[in-house]
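Step one of this worksheet: look at the structure below.
The values are calculated or read from the model by the stated rules, or taken from the named source; none is laboratory data. None of the values given here were measured: they were computed from a predicted structure. For neighbour counting, all protein chains shown are included, and Cβ atoms are generated from backbone atoms with ideal geometry for every residue, glycine included.
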Amino acid sequence: MERGFRFLKDPSFRVAEIYLKKPARIQALAMIMVFCLFIYAMTEFRLRRSLQEKGETETSQTKKQTRKPALEWMFFRFRGVRELRFWEGDGVKVLVTNMTQELWKILRLLGEEYEKYYA
């Protein structure tokens, strides 16, 4: 759990910029943060379990193959993915850009519902 809070204190999440005075709001924020850490831990567990079951590996931050990648690194790899929505004819067309085969592999390992989100 402490590793998770260290992750949330990273400057990129901008939690330090949130100022709350009321105890109820501080408690609510703490509950949301714990819930987010739970989802983060479960997703990391799911990815690692899938890698283990399928006998596959993923590239870590140190460019080595591993079956225990940090989910933070996996999130970082998705940073350039964008969803574009534009009018075409009589409807809205959705286009996901910058998806590589490696990113599709990560989504496939996480499960069909993750793939559907980007498809």
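Taking the criterion of being closer than 27 Å to GLN101 by Cα and at pLDDT below 90, the only residue of the stretch 8-39 that qualifies is SER12. Of all residues in the stretch 104-119, those being of a type in the set (A, V, I, L, M), surrounded by 14 or more Cβ atoms within 10 Å (Cβ to Cβ) and without any contact (Cβ under 8 Å) to a residue 24 or more places away in the chain number 1.
Taken over the stretch 59-101, the criterion of being in contact with a strand residue (DSSP E or B) (Cβ under 7 Å, 6 or more places away or on another chain), of a type in the set (S, T, N, Q) and not in a loop (DSSP other than H, G, I, E, B) is satisfied by THR59, GLN65, THR66, THR97. Looking only at residues in the stretch 91-116 that are of a type in the set (Ser, Thr, Tyr) and out of contact with any helix residue (DSSP H, G or I) (no Cβ under 8 Å at 6 or more places or on another chain), which one is nearest to PHE75 (Cα to Cα)? By that ranking, first place goes to THR100. Which numbered condition trips up GLN101, out of (1) loosely packed, with under 12 Cβ neighbours inside 10 Å; (2) more than 18 Å from LEU47 (Cβ to Cβ)? Against the list (1) loosely packed, with under 12 Cβ neighbours inside 10 Å; (2) more than 18 Å from LEU47 (Cβ to Cβ), GLN101 comes up short only on (2).
Residues being modelled with pLDDT under 90 and within 14 Å of the chain's Cα centre (by Cα) are entirely absent from the stretch 43-53.
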